[in-house]
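Starting off with a structure, shown below.
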Amino acid sequence: MINALWQSKPVTGRKKGFQTHHASPVFGWEAIESMWRREKDRRSKNISREVPGLQESYIKRDSWTKLNVRPAKVMQQEQVLAELAQYAAPIGQQPPSDAETTMMTRDYLRAASLLFENGVLSHEVINSTHCQVLQNIREGYQFFEDWLDTLLDENAQQKETEFLLTSPRERRFISWQTWDLLRVMYFGLTGLAESFLSRHPGFFLSPLRLNGSAVETLFSQFKARAGGKLTSLNYETSLRSYICKKNLAPKAVHHSGRDYRNVHLKLPDAPLIRKKDM
């Protein structure tokens, strides 16, 4: 979702960006860039920063940053939401000219935070269909659904808007691929929770264990040991290599797994023995 917001930045040949409805101002990554300039200005004046974890590389977003988890987490934290809200609605002062687009960007980031940081990646458990985690996920998803419904309704009433969700040139909403994956995630998780809790009362689900982020941290190490091409033929060899290194050097921690939510993944011991001849 953060990459989708970054792609809304104005470029040569692109006239439109994210819009909540027809004729609304275009919002997107410009509000994030403006926030970073304010952060640099505070630092130059020896004033405490509002978003300490924000870095310039998170704003420019190279190929590594786009695939890294940390920059996306920083963009969804409360400090970012508070900084954008305070800038757009200063107490006792006249709002800036870009206050409306800044609040739109803030609402977008808040919905993403509800979906992921306080939903799918939450440390809380799902023990009922009305728990806080599922409420956060529903509220975050509702933001994007209402946004899309508004654009579709205006498109049906005014043909000149010509909103085409599946068109690669459509920039007023997130790409249809991102929207499709978001729907799969939402209905898959909420459906699983409702089915599981109805069949197993008294038990709970841990959303952090259900998503693949923690698994990807381990999977990337397997892939590196396989020379970048992990298949069913070399998977067992990569697994044994990982377990060997873990047993021989228990204090060594791979950089990709350091401080990542402190999730401990248990792996079955793979005995180093040869298969007997059949």
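None of the figures in this text is laboratory data; all of them are computed from the coordinates on show. Keep in mind the model is a prediction, meaning the values are calculated, not measured. Virtual Cβ from ideal backbone geometry, glycine too; neighbours counted across all protein chains shown.
Given points 7 Å out from each Cα along the Cα-Cβ axis, report the Asn247 to Gln79 separation in nanometres with one decimal.
My value for the distance between the label points is 4.3 nm.
Oh, and also: Which whole number in µm²/s is D for segment 19-133 by Stokes-Einstein, with the Kirkwood Rh taken over Cα pairs at 20 °C and 1.002 mPa s?
Rounded, D is 137 µm²/s.
Which entries in Lys223/Lys246; Lys73/Lys245; Lys40/Lys60; Lys9/Lys66 show an alpha-carbon gap greater than 18 Å?
Lys73/Lys245
Ranking request for peptides 149-158, 166-175: highest mean number of other beta-carbon atoms within 10 Å first, then the rest in descending order.
166-175, 149-158
Which FRET efficiency value, to the nearest 0.05, do you get for Lys40 and Thr178 by plugging their Cβ-Cβ distance into 1/(1 + (r/R0)^6) with R0 = 22 Å?
Efficiency computed from Cβ-Cβ geometry: 0.15.
Apply the Kirkwood formula to segment 50-206: the hydrodynamic radius equals the inverse of the mean of 1/r over all pairs of different alpha-carbon atoms; give it in Å with one decimal.
Roughly 18.0 Å, rounded to one decimal.
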